[in-house]
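The values are calculated or read from the model by the stated rules, or taken from the named source; none is laboratory data. Because the structure is predicted, anything quoted here is derived from the model rather than measured. Methodologically, a virtual Cβ is constructed for each residue, glycine included, from the backbone with ideal geometry; neighbour enumeration extends over all protein chains shown. The accessibility values were calculated without ligands, DNA or RNA, using every heavy atom of the protein model including side chains. Shrake-Rupley method; radii C 1.70, N 1.55, O 1.52, S 1.80 Å.
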Amino acid sequence: MKLKTILSFFILSSWLANYPIAAQNCERDSLLYLTAFNYILKDSINHNNSIAVSDSIIDLDRFWFSKGLENFPNEKELLNQYRANKGYKWFKPYHSKLINLLFCRQKNEQKVLFFSPIENNILRADLLPINQRSKDIFDYNKLASFTEGYQYLFIFNNSKTIKLALCRKIIYD
(Lines give C-alpha, C1' and ligand atoms only; values in the text may rest on other atoms or scores of the structure.)
Protein backbone atom coordinates (compact mmCIF):
# COMPACT_ATOMS: atom_id res chain seq x y z
CA MET A 1 0.00 0.00 0.00
CA LYS A 2 2.74 2.44 0.94
CA LEU A 3 4.69 1.65 -2.24
CA LYS A 4 1.55 2.17 -4.32
CA THR A 5 0.98 5.62 -2.71
CA ILE A 6 4.59 6.65 -3.31
CA LEU A 7 4.47 5.44 -6.90
CA SER A 8 1.19 7.31 -7.49
CA PHE A 9 2.74 10.46 -6.05
CA PHE A 10 5.73 10.33 -8.39
CA ILE A 11 3.56 9.66 -11.43
CA LEU A 12 1.26 12.55 -10.45
CA SER A 13 4.24 14.83 -9.80
CA SER A 14 5.73 14.06 -13.19
CA TRP A 15 2.43 14.74 -14.88
CA LEU A 16 1.81 17.97 -12.89
CA ALA A 17 5.27 19.31 -13.76
CA ASN A 18 4.02 19.79 -17.31
CA TYR A 19 1.07 21.92 -16.18
CA PRO A 20 2.03 25.11 -14.36
CA ILE A 21 -0.35 26.02 -11.57
CA ALA A 22 -0.25 29.62 -10.35
CA ALA A 23 1.40 30.25 -6.97
CA GLN A 24 1.95 26.59 -6.22
CA ASN A 25 5.01 24.39 -6.34
CA CYS A 26 3.29 21.24 -7.61
CA GLU A 27 5.86 18.69 -6.55
CA ARG A 28 6.35 20.05 -3.05
CA ASP A 29 2.78 21.16 -2.39
CA SER A 30 1.13 17.95 -3.59
CA LEU A 31 3.18 15.90 -1.14
CA LEU A 32 2.45 18.29 1.74
CA TYR A 33 -1.30 18.42 1.05
CA LEU A 34 -1.46 14.62 0.78
CA THR A 35 0.57 14.21 3.98
CA ALA A 36 -1.72 16.59 5.88
CA PHE A 37 -4.84 14.90 4.49
CA ASN A 38 -3.62 11.45 5.55
CA TYR A 39 -2.77 12.76 9.01
CA ILE A 40 -6.29 14.21 9.38
CA LEU A 41 -7.89 10.99 8.11
CA LYS A 42 -6.02 8.99 10.75
CA ASP A 43 -6.82 11.44 13.55
CA SER A 44 -8.98 9.68 16.16
CA ILE A 45 -11.65 12.39 15.98
CA ASN A 46 -12.29 11.41 12.37
CA HIS A 47 -12.71 7.68 12.93
CA ASN A 48 -15.38 6.36 10.54
CA ASN A 49 -15.95 9.79 8.99
CA SER A 50 -15.65 10.33 5.28
CA ILE A 51 -13.98 13.57 4.26
CA ALA A 52 -14.30 15.56 1.06
CA VAL A 53 -11.66 18.14 0.14
CA SER A 54 -12.59 21.53 -1.21
CA ASP A 55 -10.59 22.59 -4.26
CA SER A 56 -10.54 26.19 -3.05
CA ILE A 57 -7.61 27.65 -1.16
CA ILE A 58 -8.84 29.63 1.85
CA ASP A 59 -7.07 32.41 3.78
CA LEU A 60 -7.07 30.67 7.17
CA ASP A 61 -5.52 32.56 10.06
CA ARG A 62 -2.56 31.04 11.85
CA PHE A 63 -2.33 33.33 14.88
CA TRP A 64 -4.37 31.22 17.31
CA PHE A 65 -1.85 28.39 17.17
CA SER A 66 1.12 30.48 18.28
CA LYS A 67 0.58 29.57 21.95
CA GLY A 68 1.42 25.95 21.18
CA LEU A 69 4.78 26.82 19.63
CA GLU A 70 6.96 27.63 22.63
CA ASN A 71 9.57 25.12 21.41
CA PHE A 72 9.44 26.49 17.85
CA PRO A 73 10.33 30.21 18.15
CA ASN A 74 10.91 30.82 14.43
CA GLU A 75 7.56 29.33 13.47
CA LYS A 76 5.85 31.15 16.34
CA GLU A 77 7.16 34.47 15.02
CA LEU A 78 5.96 33.61 11.51
CA LEU A 79 2.48 32.86 12.85
CA ASN A 80 2.38 36.03 14.95
CA GLN A 81 3.43 38.16 11.96
CA TYR A 82 1.36 36.37 9.29
CA ARG A 83 -1.57 38.80 9.17
CA ALA A 84 0.66 41.89 9.55
CA ASN A 85 2.78 40.68 6.63
CA LYS A 86 -0.42 40.50 4.57
CA GLY A 87 -1.24 44.11 5.40
CA TYR A 88 -4.15 42.89 7.54
CA LYS A 89 -5.99 42.00 4.36
CA TRP A 90 -7.70 38.73 3.64
CA PHE A 91 -7.58 37.27 0.15
CA LYS A 92 -10.65 35.79 -1.48
CA PRO A 93 -10.74 31.99 -1.85
CA TYR A 94 -9.36 30.80 -5.13
CA HIS A 95 -9.61 27.59 -7.10
CA SER A 96 -6.62 25.25 -6.94
CA LYS A 97 -6.13 23.00 -9.94
CA LEU A 98 -3.60 21.06 -7.89
CA ILE A 99 -6.05 20.20 -5.12
CA ASN A 100 -8.72 19.47 -7.68
CA LEU A 101 -6.39 16.93 -9.29
CA LEU A 102 -5.27 15.40 -5.99
CA PHE A 103 -8.67 14.86 -4.39
CA CYS A 104 -11.98 13.71 -5.81
CA ARG A 105 -14.90 15.91 -4.80
CA GLN A 106 -17.78 13.75 -3.73
CA LYS A 107 -21.09 14.75 -2.25
CA ASN A 108 -21.71 11.76 0.05
CA GLU A 109 -19.16 12.85 2.61
CA GLN A 110 -19.79 13.87 6.22
CA LYS A 111 -17.12 16.56 6.52
CA VAL A 112 -15.29 18.97 4.25
CA LEU A 113 -11.62 19.87 4.55
CA PHE A 114 -10.39 23.31 3.51
CA PHE A 115 -6.69 24.05 3.02
CA SER A 116 -4.72 27.28 3.18
CA PRO A 117 -1.79 28.03 0.91
CA ILE A 118 1.52 26.58 2.07
CA GLU A 119 3.90 29.32 3.18
CA ASN A 120 7.22 28.85 4.95
CA ASN A 121 6.46 25.12 5.29
CA ILE A 122 3.32 25.97 7.29
CA LEU A 123 -0.14 24.76 6.32
CA ARG A 124 -3.50 25.40 7.97
CA ALA A 125 -6.62 23.33 7.45
CA ASP A 126 -10.18 23.51 8.72
CA LEU A 127 -12.43 20.46 8.94
CA LEU A 128 -16.13 21.30 9.01
CA PRO A 129 -19.29 19.20 9.12
CA ILE A 130 -21.42 19.31 6.00
CA ASN A 131 -24.56 21.36 6.38
CA GLN A 132 -27.15 19.39 4.43
CA ARG A 133 -29.28 22.54 4.01
CA SER A 134 -26.53 24.25 2.05
CA LYS A 135 -26.73 24.04 -1.71
CA ASP A 136 -22.96 24.34 -2.02
CA ILE A 137 -21.25 22.07 0.50
CA PHE A 138 -17.88 23.53 -0.51
CA ASP A 139 -18.75 27.13 0.48
CA TYR A 140 -16.44 27.82 3.43
CA ASN A 141 -18.32 30.87 4.73
CA LYS A 142 -21.63 29.01 4.84
CA LEU A 143 -20.17 25.89 6.47
CA ALA A 144 -18.15 27.89 9.02
CA SER A 145 -21.24 29.59 10.38
CA PHE A 146 -22.83 28.49 13.68
CA THR A 147 -21.13 25.12 13.82
CA GLU A 148 -18.28 23.25 15.48
CA GLY A 149 -15.23 22.16 13.59
CA TYR A 150 -11.55 21.40 13.90
CA GLN A 151 -8.58 23.52 12.96
CA TYR A 152 -5.20 22.00 12.12
CA LEU A 153 -1.78 23.52 11.85
CA PHE A 154 1.04 21.65 10.15
CA ILE A 155 4.68 22.61 10.21
CA PHE A 156 6.81 20.63 7.80
CA ASN A 157 10.54 19.91 7.78
CA ASN A 158 12.58 20.68 4.69
CA SER A 159 12.44 16.93 4.07
CA LYS A 160 8.64 17.32 3.52
CA THR A 161 7.67 15.41 6.67
CA ILE A 162 5.54 16.69 9.51
CA LYS A 163 7.67 18.45 12.11
CA LEU A 164 4.64 19.43 14.24
CA ALA A 165 0.89 18.99 13.94
CA LEU A 166 -1.59 20.75 16.18
CA CYS A 167 -5.36 20.40 16.30
CA ARG A 168 -8.04 22.26 18.19
CA LYS A 169 -11.79 22.22 18.30
CA ILE A 170 -13.49 25.52 17.53
CA ILE A 171 -17.01 26.86 17.70
CA TYR A 172 -17.80 29.17 14.79
CA ASP A 173 -20.25 32.00 15.52
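Things worth noting here:
- Pairs, first over 12 Å from Tyr152 (Cβ atoms) and basic (Lys, Arg) in the range 27-39, second open to solvent by 40 Å² or more (accessible area, probe 1.4 Å) and outside any helix (DSSP H, G or I), C-beta under 8 Å, six or more apart: Arg28/Lys160
- Qualifying residue in the range 52-62 (condition: among the hydrophobic types (A, V, I, L, M, F, W, C), closer than 16 Å to Ala165 by Cα, under 11 Å from the mean Cα position of the chain (by Cα) and at pLDDT 90 or above): yes
- One residue from Trp90, Trp64 being open to solvent by 40 Å² or more (accessible area, probe 1.4 Å) and closer than 18 Å to Ile170 by Cα: Trp64
- Among residues of the range 125-144, those that are more than 14 Å from Val53 (Cβ to Cβ) and either modelled with pLDDT under 85 or outside any loop (DSSP other than H, G, I, E, B) (or both), counted: 9
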